[in-house]
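Asker: I have a structure here, written as structure tokens, and I will follow up with some questions on it.
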Amino acid sequence: MSTVSTSRPVLGCIADDFTGATDLANMLVRAGMRTVQTIGVPQAGEEASAADADAIVVALKSRTMPAAEAVQQSLDALRWLRARGCTRFFFKYCSTFDSTDAGNIGPVAEALMAELGTDFTLACPAFPENGRTVYRGHLFVGDVLLNASGMERHPLTPMRDPNLVSVLARQSLGKVGLLRYDAVMDGVQACRDQAAQLRRAGVKLAIADAISNDDLIVLGEAFADLPLLTGGSGLALGLPAQYRRAGLIIEQGNAAHLPRVDDAAVVLSGSCSRATNAQVAHWRASRPAFQIDPLALAQGKPVVEEALDFVRRHAGQPVLVYATSAPEHVALVQEALGVARAGKLVEDALGCIARALHADGVRRFVVAGGETSGAVVQALAVRALRIGPQIDPGVPWTATIGNEPVALALKSGNFGTVDFFEKALAQLAHAMTEAMA
């Protein structure tokens, strides 16, 4: 049943990359919260993008920047969200806890806590739907520990220690502890009791065990009243029900509704994760694809122009443009160019391609990789997104807010089934067909 819209959002979220932001927004929409995602902190005159929403997710690109810059951007986002009326806050990072010993999870979390005047919060990256679970403080990806999952070879944030208590302690000034699975298994009151014990022991940040969605719902019920929570999108699973129970939000009909988006489609992939490599190989087996070579970009060769020519010659059918490659090739490129330069060359190229294709009339983009997604939305000057239906766990379709909307599926590198690209395009085409009926 539809009711009058609430006038102010309740939950303000700060995500450290673009795909992580849509992952969290997807979780909230699935639970019935009308959610808007902004690209960066909105500037003066852009406040309308936050209207008519229960939750706002501010997407930053702060995961791999220097910790001091990440802290400042996150504080700017928090202050903007507070000014919009949000009273609960969520700091979203990757379900594989992507970070280094210098940060940025610990420094950002502690800065947000200080700004909000709170002395305790959780850190829980668990996302069981995508195989991320935390037990005894150790992060598993599927059946293996984090450091054996492929993340140990991540080009920017290699994760070689699966013990998240140790990882977070190395990043944080305050004491880090563990909310053990024994308490989670025993329910809400047991979680609150153990949290009280941890606080008395001086713990500021507590890694929370969780191996199922039921565990995340328990954590949501136990800690929904904390000013700040931190974690992967899974931790948000139980929050909307608690906010409804407290009368903070009300039902608003279909939270995942998107406007109609026509015209051509393209797939852009910069991620070199294991999952995205499989998705690219699956696409290439039967569909047109053009590979971006970072070494050729560095030599000044007309790679962008060649990619655009390839896409235009295949007008009428979706094309994949990708820089995705195997870890050993990535290592060779980074050795030749340096990690930062190699990444920037690819991001800039894919951003230029997206901008040129949009000028050609492309209005549907499937994008793989957090850094790539950031480059694409910046190239398209996207400022805010309405969150739509889920494609795969953690990945929804979104649409830009305003005239002539653009549809975007922003996929974290490690997410999605092997046929994700085809599935995403087919789902949107079906939705547009239904809209015409």
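The values are calculated or read from the model by the stated rules, or taken from the named source; none is laboratory data. These numbers were taken from a predicted model, which means no experiment stands behind them. For neighbour counting, all protein chains shown are included, and Cβ atoms are generated from backbone atoms with ideal geometry for every residue, glycine included. Accessible surface is based on the protein model in full, side chains and every heavy atom, while ligands, DNA and RNA are left aside. Shrake-Rupley method; radii C 1.70, N 1.55, O 1.52, S 1.80 Å.
Asker: Residues in region 186-205 that are within 19 Å of Ser172 (Cβ to Cβ) and surrounded by fewer than 12 Cβ atoms within 10 Å (Cβ to Cβ): how many?
Answerer: Residues that pass the stated criteria total 3.
Asker: On to the next question. Hey, Asn104 hits all of (1) crowded, with 24+ Cβ neighbours inside 10 Å; (2) at negative phi; (3) touching a Leu at 6+ places or on another chain (Cβ under 8 Å) but one; which does it fall short on?
Answerer: In the conditions (1) crowded, with 24+ Cβ neighbours inside 10 Å; (2) at negative phi; (3) touching a Leu at 6+ places or on another chain (Cβ under 8 Å), Asn104 misses (3) alone.
Asker: I would also like to ask the following. Restricting attention to region 176-205, report how many residues are within 27 Å of the chain's Cα centre (by Cα) and part of a strand (DSSP E or B).
Answerer: So the count comes out to 6.
Asker: Can you name the number of the only condition in (1) in contact (Cβ under 8 Å) with a residue 40 or more places away in the chain; (2) open to solvent by 20 Å² or more (accessible area, probe 1.4 Å); (3) part of a helix (DSSP H, G or I); (4) within 23 Å of Ser62 (Cα to Cα) that Val377 fails?
Answerer: Failed condition: (2).
Asker: How many residues are within 22 Å of the chain's Cα centre (by Cα), open to solvent by less than 20 Å² (accessible area, probe 1.4 Å) and of a type in the set (A, V, I, L, M, F, W, C) when one looks only at region 227-260?
Answerer: The qualifying residues number 6.
Asker: Moving on to the next point. Mind counting the residues in region 296-309 that are within 31 Å of the chain's Cα centre (by Cα) and loosely packed, with under 15 Cβ neighbours inside 10 Å?
Answerer: 2
Asker: Please work out which residue is surrounded by the most Cβ atoms within 10 Å (Cβ to Cβ), limiting yourself to region 404-432 and to residues that are within 18 Å of Tyr322 (Cα to Cα) and among the polar types (S, T, N, Q). Don't jump to the end; show me each part of the working.
Answerer: Taking region 404-432 as the starting set, the residues that turn out to be within 18 Å of Tyr322 (Cα to Cα) are 408-425.
Narrowing further to those that are among the polar types (S, T, N, Q): 412, 414, 417.
On the way: Ser412: 28, Asn414: 26, Thr417: 15.
Ranking the qualifying residues of region 404-432, first place goes to Ser412.
Asker: So which of Ala148, Ala190, Ala123 is farther than 29 Å from Gly413 by Cβ and among the aliphatic types (A, V, I, L, M)?
Answerer: Ala190
Asker: Going through region 342-373 one residue at a time, which ones are buried (at least 17 other Cβ atoms within 10 Å of the Cβ), aliphatic (A, V, I, L, M) and either at positive phi or assigned to a helix (DSSP H, G or I) (or both)?
Answerer: Ala342, Leu345, Val346, Ala349, Leu350, Ile353, Ala354, Ala356, Leu357
Asker: Quick check on Arg313: is it of a type in the set (D, E, K, R), touching a residue at least 40 places away in the same chain (Cβ under 8 Å) and either open to solvent by 60 Å² or more (accessible area, probe 1.4 Å) or on the phi < 0 side of the Ramachandran plot (or both)?
Answerer: no
Asker: Please tell me if Leu168 is open to solvent by less than 10 Å² (accessible area, probe 1.4 Å) and in a helix (DSSP H, G or I). Full working, then the answer.
Answerer: Values: open to solvent by less than 10 Å² (accessible area, probe 1.4 Å): yes; in a helix (DSSP H, G or I): yes.
Criteria met by Leu168.
Asker: Does region 122-164 hold any residues that are in a helix (DSSP H, G or I), open to solvent by 30 Å² or more (accessible area, probe 1.4 Å) and over 23 Å from Gly238 (Cβ atoms), and which are they?
Answerer: Answer for region 122-164, where residues must be in a helix (DSSP H, G or I), open to solvent by 30 Å² or more (accessible area, probe 1.4 Å) and over 23 Å from Gly238 (Cβ atoms): Asn147, Ala148, Glu152, Arg153.
Asker: Considering only residues of region 43-61 that are part of a loop (DSSP other than H, G, I, E, B) and surrounded by fewer than 21 Cβ atoms within 10 Å (Cβ to Cβ), which is modelled with the highest pLDDT?
Answerer: Top of the filtered list is Gln43.
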